[in-house]
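K.L.:
I'd like to ask you about the structure that follows.
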Amino acid sequence: MLLLTALVRGLATTLLLDIGDRRPPPDVPTRRLHAAHRLAARNGLAGEGLDPARGEYVPAVTLAERLLARAAPGLAAAGDLEFVEELFHRVRCSGGGAARQRAAYLRRGRLADVVSDLVCATAAG
């Protein structure tokens, strides 16, 4: 969650700079955004993703790297770039929460197992 929070802050800072420079946002169809979200939720970093701006299918980890690069100016301005790069490296190595949740589901095919796993992980800190 910390990685996501820092990325959002860095991206917001970067996008505010774009607004100041009068750079228009990309015109992304809502349908494509939904498709990209569905793939991200299903595959996590392990599978294929859809770049919503370009409309191309690429490895999800590539999309995450592009997001990190896009947010880098804002992250650097806040002094968070190295910290976020380290967190991203950890998630990339471990697969992150999405991989853990998929594994919990695959054990018995029950969503209750996913929730139980999440409760245990949260309680453990």
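Computed from the coordinates by the stated procedures, all read-outs in this text should not be read as laboratory data. Quick caveat: nothing in here was measured; it's all calculated off a predicted structure. FYI the Cβ positions are ideal-geometry reconstructions off the backbone, even for glycines, and counts take in every protein chain you see.
K.L.:
I'd like the residue in region 67-125 that is of a type in the set (S, T, Y), free of Cβ contacts under 8 Å to residues at least 12 places away in the same chain and out of contact with any helix residue (DSSP H, G or I) (no Cβ under 6 Å at 6 or more places or on another chain) and, out of all such residues, is nearest to P52 (Cα to Cα).
P.N.:
Out of the qualifying residues, it is S94.
K.L.:
Right, here's the next one. Only one residue in L11, L75, L2 is surrounded by 12 or more Cβ atoms within 10 Å (Cβ to Cβ) and within 13 Å of the chain's Cα centre (by Cα). Which one?
P.N.:
Every option except L11 fails the conditions.
K.L.:
Then there's this: So which residues in region 107-118 are more than 21 Å from the chain's Cα centre (by Cα) and either surrounded by 10 or more Cβ atoms within 10 Å (Cβ to Cβ) or part of a loop (DSSP other than H, G, I, E, B) (or both), if there are any at all?
P.N.:
Those that are more than 21 Å from the chain's Cα centre (by Cα) and either surrounded by 10 or more Cβ atoms within 10 Å (Cβ to Cβ) or part of a loop (DSSP other than H, G, I, E, B) (or both): R107, G109, R110, L111, A112, D113, S116.
K.L.:
Just to be sure before I move on: is G47 surrounded by 13 or more Cβ atoms within 10 Å (Cβ to Cβ) and more than 17 Å from L2 (Cα to Cα) in the structure I sent?
P.N.:
yes
K.L.:
What do you reckon, is V61 of a type in the set (A, V, I, L, M), in contact with a helix residue (DSSP H, G or I) (Cβ under 9 Å, 6 or more places away or on another chain), in contact (Cβ under 8 Å) with a residue 60 or more places away in the chain and part of a helix (DSSP H, G or I)?
P.N.:
no
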